[in-house]
Structure formats: structure tokens, C-alpha cells
Protein chains: 2
Amino acid sequence: MRISDLSRRSGVSVTTIKYYLREGLLPPGRQTAATQAEYDDQHLRRLRLIRALTGVRGLSVSTTREVLDALGEHAGDTHTLLGLALGSVRVGEEPAGDAPEAGEVRALVEELGWDVHESAPARATLAETLSTLRSLGVPVDRHTLLPYARLAERTAELDLGQLDGIADPLEAAERALLLTVLLEPALMALRRLAQENESARRHAN
Amino acid sequence: MRISDLSRRSGVSVTTIKYYLREGLLPPGRQTAATQAEYDDQHLRRLRLIRALTGVRGLSVSTTREVLDALGEHAGDTHTLLGLALGSVRVGEEPAGDAPEAGEVRALVEELGWDVHESAPARATLAETLSTLRSLGVPVDRHTLLPYARLAERTAELDLGQLDGIADPLEAAERALLLTVLLEPALMALRRLAQENESARRHAN
DNA sequence: GAGTATTGGATACCTCTACTATCTATGTTA
DNA sequence: TAACATAGATAGTAGAGGTATCCAATACTC
């Protein structure tokens with residue numbers, strides 16, 4: 001398959017594909033001559049994945065590259081991979097600009113009895129959200145978050161349940177990534193609809 | 001309060017405040033002379049809100065403006081307001097580029113017994129996600145989403161429960177907005193941590 | 001085997017977003 | 001009254017995410 005075929009079958013322009021190649025999102029094709037290279041179904045699949053992550057979820061090109069690199073490196077290690085996706089990716093070490101709420105997040109995690117890495121970026125996200133909401137006068141603390149966390153546990157069970165029975169580790173890793181990242185807007189959309197419904201119910205009384 | 005005080009107390013530079021004024025994110029101050037205007041605590045509050053929406057949640061300036069406008073217009077109408085936030089805002093009419101999955105989303109909503117607007121943008125988000133995941137070979141349908149939706153119902157109950165006992169309608173509207181939009185990254189962070197925990201549990205067996 | 005089209009690779013350019021800087025006429029403050 | 005702040009206008013900037021063009025080498029088409 002040449003670049004024009006790849007373009008036609010993916011709906012992505014040749015210049016954009018070249019851009020992705022330059023940016024290292026897409027691995028180079030197999031060179032058959034000085035000005036010719038062969039691409040295969042892996043490339044097509046990767047290209048669709050790129051468009052899904054940048055389009056649906058709005059990941060930046062550089063974040064997408066990190067996620068895809070991690071996918072390749074940790075293909076056998078679904079457990080590690082699950083900690084890597086989303087905007088809060090930061091595969092390497094992060095600055096960790098500690099919010100004062102970090103301790104409260106730790107207490108929450110302890111109360112939940114969760115076994116999660118101390119360095120998980122999601123912890124910082126939680127602390128930052130708590131801090132921001134409080135500065136705006138919204139009273140939230142770990143007791144507010146606890147019931148949400150219990151629901152998150154059940155969500156995670158559903159997520160992991162969907163990976164059962166996938167033998168190929170690369171495929172399992174890729175599916176984990178897709179379910180984690182691409183399902184996010186869908187879950188938020190469901191929440192929005194549920195809020196509307198719940199609001200209607202309450203006003204009906 | 002003059003613009004420099006507003007800047008100092010909010011941590012936002014004077015030039016950026018001027019930019020927000022120009023863009024209509026921040027209402028103009030009360031003019032006291034040709035080159036002087038007074039700002040008050042409302043402006044400070046609004047400014048903090050702007051930074052929270054654009055910073056934490058990453059909303060664009062134009063989306064933020066739409067959300068804030070909606071906040072003012074529908075202050076008394078929390079029910080309507082709840083349908084407006086997030087990246088999928090689109091307060092006005094949207095193009096509605098129907099995915100073929102729209103019918104499936106309708107069936108799901110019906111099965112759930114939810115009372116939600118036919119035009120809710122979250123429906124399109126769901127349909128688009130289904131479509132994208134399928135094109136990548138992930139088998140998802142409304143039966144997959146149903147248990148997630150049940151959890152979303154319980155999340156929405158928690159959300160709405162936090163608005164109880166707020167008398168002032170503008171305040172209730174603002175809090176609804178904050179909880180809907182700013183809690184999103186936190187909920188996704190909880191899900192990530194829960195996934196990690198669940199993954200660890202399963203591997204321990 | 002000639003002529004036309006396509007390709008990989010390099011470089012320049014473009015559009016949009018979110019600011020940032022500068023200028024001017026007017027005000028305020030010490 | 002001199003130094004400094006302010007509103008409002010206009011222009012400039014940096015980064016992201018492409019897009020367009022050029023070139024020499026190669027591949028199909030007759």
C-alpha cells in the first residue's frame with residue numbers, strides 16, 4: 001500500500017499523513033526505493049487510532065505520540081498501560097506542583113482502600129480540582145467525593161470486564177486504551193443526560 | 001476597585017483582563033470618568049470562574065463566553081442550565097451531522113426511561129463515540145452502555161443533591177455549572193485510579 | 001522506451017487561539 | 001505639578017495543527 005492508498009482508505013490527506021510521519025505519530029513505511037515506501041494495515045489502523053484520539057477526545061499531537069509510544073512499550077503490561085492515557089498522561093516524571101489538597105486525596109485513597117501508585121497523575125488532578133472548587137466557594141471535601149469514588153469503582157469493574165477474553169496482549173492494551181480514553185466523552189454525555197432526567201424528575205414533584 | 005486591584009487580587013494580568021473585557025467574557029466596569037472604571041466583587045468572582053473554566057477544564061474562550069452568557073440568561077432555570085455546559089455546549093442550534101448510531105442512542109434512552117430533550121447535544125456525542133469505537137473494531141452497543149448509564153443515574157443523583165438548600169437561583173445555577181463542568185476531570189481521575197486498583201486486584205489472584 | 005503521474009523528503013507558509021505589548025489621551029495621587 | 005495609572009484601540013507574538021510547493025527519483029501506461 002502506498003501513501004495515496006493509505007490516504008484514500010483513511011480519509012486523511014497525504015500532506016497530513018506526511019505531517020504525522022514527521023511528528024513520529026506514524027512509523028515510517030518500509031522503504032522499497034529512494035522515493036518509494038510500502039505501508040500496511042498496521043499503518044492504517046494506527047492512523048485511525050490517531051484520528052480517534054485527536055478528534056473525538058481532543059488529545060494534542062504530542063500527547064497522542066506519548067500515548068502511542070507507551071502502547072508499544074508496555075503492550076504486554078495492561079496494568080501499567082491503564083495509568084497512562086488522557087490529557088494527564090505525563091509518561092515521564094512530572095513537576096508535581098503540590099497543591100495543599102494532596103494530603104486530603106491521600107486520605108481519600110486510604111479510606112477507599114485502593115491500591116494505586118503514589119505518583120499517579122490522577123491524584124494531582126483530584127487535588128487541583130478540590131483546590132479550584134474551594135477557591136470558588138464550593139464546599140467539597142473527601143466526604144463529598146467518596147460516593148463518587150464508589151461509583152467509579154463499579155465503572156472500573158465494567159471497564160476491566162470488557163478486556164476479558166482477549167488473548168493478544170497488544171490487542172488487549174489497545175482496547176484498554178480505547179475504552180479508557182474514548183469512552184470518557186460518552187460517560188460524561190451519559191452523566192449530562194442523567195442530570196437532565198434527574199432534574200426533570202425533581203421538578204415534576 | 002480598579003483594574004490593577006482586580007489584577008492583583010485575581011492573579012490575572014491587566015492586559016489579559018482587558019482581553020477578557022474585549023471578548024465579552026467579563027462585563028465592563030462602571031465608568032467613573034473617560035479613563036476610569038470601577039470593578040467590584042462580582043467581577044472578581046467572574047474572573048475566577050473564567051480561569052477555572054479555561055484552566056482546569058480547558059474550555060476555549062468562546063465556549064466559556066457562551067456558558068457564562070447562558071448562566072446569566074437562565075439563572076432561574078437550573079433545569080435548562082444543566083443541559084448547557086462542557087465542550088459540547090452549543091447553546092444555539094447545531095448542524096446535527098447525524099451518525100447512523102443516533103437511532104441506537106434513542107433506543108438506549110427509551111430503555112432507560114429517561115426524560116431528556118430530543119435535541120440534547122449529549123445524544124450526538126454518544127452516537128459519535130459508538131461510531132468511532134466500532135470503526136476501530138471495538139464491539140460496543142447500547143447493551144454495553146446500559147450499565148454505565150445506570151451508574152450515571154446515581155452520579156446525577158449525587159450532583160443534584162448538592163444543589164439542595166441553595167436559595168439564591170443565580171448561586172444555584174453557578175454551582176450547578178461548577179459541579180457539572182469542573183467535576184468532570186475529577187470523576188475521570190477517580191475512574192483512572194479505580195481502574196488501576198481493579199487491575200491490581202485482578203492480577204493479584 | 002518515452003512521457004506522464006506519483007512519491008518521499010524538505011521547507012515554507014497559513015490559520016486560529018490566547019494572549020501580550022505599545023500607544024495615546026485622560027485621570028489620579030503625592 | 002510631576003510621576004504614575006487607566007481605558008480603549010491597534011498591532012504583534014508564540015504555539016498548535018496543519019497545508020502547499022518544490023525537487024529529484026521512481027513507477028505506471030502506452
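The values are calculated or read from the model by the stated rules, or taken from the named source; none is laboratory data. Fair warning: this is a prediction, and the values are worked out from it, not measured in the lab. Here the Cβ is made from the backbone with ideal geometry for all residues, glycine too, and neighbour counts use every protein chain on show. We work out accessible area using only protein heavy atoms, side chains counted, and drop any ligands, DNA or RNA first. Shrake-Rupley method; radii C 1.70, N 1.55, O 1.52, S 1.80 Å.
Could you tell me which numbered condition B:Arg202 fails, if it satisfies all but one of (1) of a type outside the set (Val, Ile, Thr); (2) touching a His at 6+ places or on another chain (Cβ under 9 Å); (3) in contact (Cβ under 8 Å) with a residue 12 or more places away in the chain; (4) open to solvent by 20 Å² or more (accessible area, probe 1.4 Å)?
(3)
Limited to segment A:184-205, what total is found for residues that are assigned to a helix (DSSP H, G or I) and more than 7 Å from every other protein chain (Cβ to nearest Cβ)?
2
With the condition being assigned by TED's automatic domain parsing to the domain that holds B:Val181, more than 14 Å from DNA strand C (Cβ to nearest atom) and modelled with pLDDT under 90, I'd like the helices (runs of 4 or more DSSP H) fully within segment B:1-110 carrying at least 2 qualifying residues.
On the way: elements: B:3-10, B:14-22, B:41-51, B:61-73, B:78-81.
Of the helices (runs of 4 or more DSSP H) lying wholly inside segment B:1-110, those with at least 2 residues that are assigned by TED's automatic domain parsing to the domain that holds B:Val181, more than 14 Å from DNA strand C (Cβ to nearest atom) and modelled with pLDDT under 90 span B:61-73, B:78-81.
Quick check on B:Gly58: is it within 13 Å of DNA strand D (Cβ to nearest atom) and either within 25 Å of B:Leu179 (Cβ to Cβ) or touching a Phe, Trp or Tyr at 6+ places or on another chain (Cβ under 9 Å) (or both)?
Details: within 13 Å of DNA strand D (Cβ to nearest atom): yes; either within 25 Å of B:Leu179 (Cβ to Cβ) or touching a Phe, Trp or Tyr at 6+ places or on another chain (Cβ under 9 Å) (or both): yes.
Taking the combined requirement at face value, the residue satisfies it.
Which residue pairs have Cβ atoms under 9 Å apart, sit 6 or more places apart or on different chains, and have a first residue in segment B:23-46 that is within 14 Å of chain A (Cβ to nearest Cβ) and a second that is assigned to a loop (DSSP other than H, G, I, E, B) and more than 7 Å from DNA strand D (Cβ to nearest atom)?
B:Asp41/B:Met1; B:Gln42/B:Pro27; B:Leu44/B:Met1; B:Arg45/A:Leu136; B:Arg45/A:Gly137; B:Arg46/B:Leu25; B:Arg46/B:Leu26; B:Arg46/B:Pro27
Name the residues in segment B:20-37 that are open to solvent by less than 80 Å² (accessible area, probe 1.4 Å) and under 30 Å from the mean Cα position of the chain (by Cα), would you?
Matches in segment B:20-37: B:Tyr20, B:Leu21, B:Glu23, B:Gly24, B:Leu25, B:Leu26, B:Pro27, B:Gly29.
Residues in segment A:186-194: is at least one closer than 12 Å to B:Met188 by Cα and open to solvent by 10 Å² or more (accessible area, probe 1.4 Å)?
yes
Among the residues in segment A:132-148, are any within 18 Å of the chain's Cα centre (by Cα), farther than 17 Å from B:Arg175 by Cβ and facing another protein chain (nearest Cβ under 7 Å)?
The answer is no; no qualifying residue exists.
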